[in-house]
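Only one structure is covered here, and it is reproduced in the block below.
The values are calculated or read from the model by the stated rules, or taken from the named source; none is laboratory data. From a predicted model like this one, the values you see are computed outputs, not experimental measurements. FYI the Cβ positions are ideal-geometry reconstructions off the backbone, even for glycines, and counts take in every protein chain you see. Ligands, DNA and RNA are excluded from the accessible area calculation, which covers all protein heavy atoms including side chains. Shrake-Rupley method; radii C 1.70, N 1.55, O 1.52, S 1.80 Å.
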Amino acid sequence: MAQLLDGKALAQKIQADLAQQIQTLKAQLGRPPGLAVLMAGDNPASAAYVRGKERACERLGIASFGQHFPATVSQAELTEIIHQLNQDERVDGILVQLPLPDRLDASALLNQIDPDKDVDGLHPTNLGRLVRGEPGLRSCTPAGVMRLMQFYNIDLKSKQAIVVGRSILVGKPMALMLLEADATVMMAHSRSHNLSSLIRGADILVTAVGRPGMIAADMVKPGAAVIDVGISRITDATGQSRLVGDVQFEAVQSVAGAITPVPGGIGPMTVTMLLQNTVSSYCERLKSQPGD
Ligand code: GUN
């Protein structure tokens, strides 16, 4: 039976440490860290994620400067808000919740965020730093995957890793982080041929597709570490709505060496890395305060 990689438990531990760190630093900086989550429209999944992020901020003592806009908000309005937040001394992190309504140009908005406040790690400057292996704010979901694997001592050096899904939010930065950790990395996607046999060759499988149950037990190399980033809401045979991943968890856990559950795996780690990035950005500001 595979070892369960308990993202929820690790997230709680890291968040407890961050809460303590915030208490100490607040006395030095005279203010708490601040995070602004911007959301447009009413995608229910996004609304749930944003609520989760804001609740976590409240628990840790991070001030929220988030704003929720109607789907009709203009590009110019959002751009102006981002510029204001860039200048706002109380704000250490800015995140634009994706996806945005189709009308809006997400990339153009992300480009407006001050890279030092880009706690989602999606600004070209931070993605460029990742490509170059330089320090910088890293995308939260892949950073959460790396932290969870590190905690469970999953050896990446010289291992075959495959990332299924090539989004800018997960797949691309994930592949770069695995590469940085000396894995031999393959990226697979919807146009890849022989996906099953590619996956079967991997010691580390990270799947971020959003297709419930697409990874079956016979696709997984025995003993592999299986990281399920996919998250979809389904209605099961009993009519109950629940969250599931890309991986057929019950079947795959008897083949894999280690596996993340959904929920309780990478989801809580993503939120935790966002909080961690916000605190890191806050610490950088503390360091650069005049007189220190
Ligand atoms: N939508 C789903 N996950 C994320 C995330 O980590 N960051 C942003 N900005 N949007 C998301």
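Which one is most open to solvent (accessible area, probe 1.4 Å) among residues in the stretch 133-157 that are under 11 Å from Leu176 (Cβ atoms) and touching an Asp or Glu at 6+ places or on another chain (Cβ under 7 Å)?
Here the residue is Gly133.
For the structure I just gave you, tell me whether Phe69 is open to solvent by less than 40 Å² (accessible area, probe 1.4 Å), touching a strand residue (DSSP E or B) at 6+ places or on another chain (Cβ under 7 Å) and aromatic (Phe, Trp, Tyr). Break it down stepwise before answering.
Values: open to solvent by less than 40 Å² (accessible area, probe 1.4 Å): yes; touching a strand residue (DSSP E or B) at 6+ places or on another chain (Cβ under 7 Å): yes; aromatic (Phe, Trp, Tyr): yes.
Considered against the rule, which asks whether it is open to solvent by less than 40 Å² (accessible area, probe 1.4 Å), touching a strand residue (DSSP E or B) at 6+ places or on another chain (Cβ under 7 Å) and aromatic (Phe, Trp, Tyr), Phe69 comes out as yes.
Among the numbered criteria (1) over 17 Å from the mean Cα position of the chain (by Cα); (2) away from the ligand (no atom under 13 Å from the Cβ), which one does Asn43 miss?
(2)
Let's see how each residue does on (1) within 14 Å of the ligand (Cβ to nearest atom); (2) under 30 Å from Glu250 (Cβ atoms); (3) in contact with a His (Cβ under 8 Å, 6 or more places away or on another chain):
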{"position": "Asp6", "(1), (2), (3)": "no, yes, no"}
{"position": "Leu10", "(1), (2), (3)": "no, yes, no"}
{"position": "Gln15", "(1), (2), (3)": "no, yes, no"}
{"position": "Gln20", "(1), (2), (3)": "no, no, no"}
{"position": "Ala27", "(1), (2), (3)": "no, no, no"}
{"position": "Arg31", "(1), (2), (3)": "no, no, no"}
{"position": "Leu35", "(1), (2), (3)": "yes, no, no"}
{"position": "Arg51", "(1), (2), (3)": "yes, yes, no"}
{"position": "Gly61", "(1), (2), (3)": "no, no, no"}
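Looking at the stretch 234-292 only, could you name the residues that are open to solvent by 60 Å² or more (accessible area, probe 1.4 Å), closer than 30 Å to Gln87 by Cβ and in contact (Cβ under 8 Å) with a residue 24 or more places away in the chain?
Glu284, Gln289
Which residues, counting only those in the stretch 29-51, are open to solvent by less than 30 Å² (accessible area, probe 1.4 Å) and either in contact with a Pro (Cβ under 9 Å, 6 or more places away or on another chain) or among the hydroxyl-bearing types (Ser, Thr, Tyr) (or both)? If you could, list the steps in order and put the result at the bottom.
Going through the stretch 29-51, the residues open to solvent by less than 30 Å² (accessible area, probe 1.4 Å) turn out to be 29, 33-41, 46-47, 50.
Residues satisfying the conditions are Ala40, Gly41, Ser46.
Report every pair of residues separated by at least 6 positions or lying on different chains whose Cβ atoms are under 7 Å apart, first residue within the stretch 95-114 and assigned to a helix (DSSP H, G or I), second within 13 Å of the ligand (Cβ to nearest atom) and open to solvent by 30 Å² or more (accessible area, probe 1.4 Å).
Ala106/Leu98
Only one residue in Leu109, Leu130, Leu78 is farther than 23 Å from Leu275 by Cβ, of a type in the set (A, V, I, L, M), within 16 Å of the ligand (Cβ to nearest atom) and surrounded by 14 or more Cβ atoms within 10 Å (Cβ to Cβ), so which one is that?
Details: Leu109 fails: farther than 23 Å from Leu275 by Cβ; Leu130 fails: farther than 23 Å from Leu275 by Cβ.
Sole residue among the options that is farther than 23 Å from Leu275 by Cβ, of a type in the set (A, V, I, L, M), within 16 Å of the ligand (Cβ to nearest atom) and surrounded by 14 or more Cβ atoms within 10 Å (Cβ to Cβ): Leu78.
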